[in-house]
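The values are calculated or read from the model by the stated rules, or taken from the named source; none is laboratory data. None of the values given here were measured: they were computed from a predicted structure. All Cβ positions, even for glycine, are placed from backbone atoms using ideal geometry, and neighbour counts span all protein chains on display. Remember, those area values only see protein heavy atoms, side chains included, never the ligands or the DNA or RNA. Shrake-Rupley method; radii C 1.70, N 1.55, O 1.52, S 1.80 Å.
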Amino acid sequence: QVQLVESGGGLVQPGGSLKLSCAASRIIFSIYTMGWYRQAPGKQRELVATITSSGSTDYVDSVKGRFTISRDNAKNTVYLQMNSLKPEDTAVYYCNAKKGALGFWGQGTQVTVSS
């Protein structure tokens, strides 16, 4: 079965950086649009960033200029570089793979931004 495994979360001070990784297996990774979502306590899950199979990217306004999504098709991995982190970025971050009606989720990784 398809697996998406996130890593790289943790505790960081405001203004700091983290890089999340999501390793995919058992899918033809290169044809999927990959995305990062996040869910803060008491809030709905929101889309943070996406990268298409051709490498086009999109971001929610609140992270533009601070976060960068990228992918390495040779490693079946998508990344989220997060800079200038703010307390409001605190959430569980989820990796998503989407192709048409097919969609898969990872288990999530916690990111906490606090001093």
In region 30-55, what residues are touching a Ser or Thr at 6+ places or on another chain (Cβ under 8 Å) and surrounded by fewer than 21 Cβ atoms within 10 Å (Cβ to Cβ)?
Ser30, Ile31, Thr33, Ala40, Thr50, Thr52, Ser53
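Give Ala101, Ala24, Ala40 a once-over and let me know the one that is under 13 Å from the mean Cα position of the chain (by Cα) and not basic (Lys, Arg). First the steps, then the outcome.
On the way: Ala101 fails: under 13 Å from the mean Cα position of the chain (by Cα); Ala40 fails: under 13 Å from the mean Cα position of the chain (by Cα).
Within the list Ala101, Ala24, Ala40, the selection yields Ala24.
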Among the strands (runs of 3 or more DSSP E) confined wholly to region 38-115, which include 3 or more residues that are closer than 22 Å to Arg26 by Cα?
67-72, 77-82, 91-99, 102-105
Long-range neighbours under 7 Å by Cβ, at least six apart or interchain, first residue open to solvent by 50 Å² or more (accessible area, probe 1.4 Å) within region 72-84, second modelled with pLDDT of 95 or more
Gln81/Lys19; Gln81/Phe67; Gln81/Thr68; Asn83/Ser17; Asn83/Arg66; Ser84/Gly15; Ser84/Arg66
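Is it fair to say Asp58 is of a type in the set (D, E, K, R) and open to solvent by less than 20 Å² (accessible area, probe 1.4 Å)? Walk me through how you get there before you give the answer.
Numbers: of a type in the set (D, E, K, R): yes; open to solvent by less than 20 Å² (accessible area, probe 1.4 Å): no.
Answer is no for this residue.
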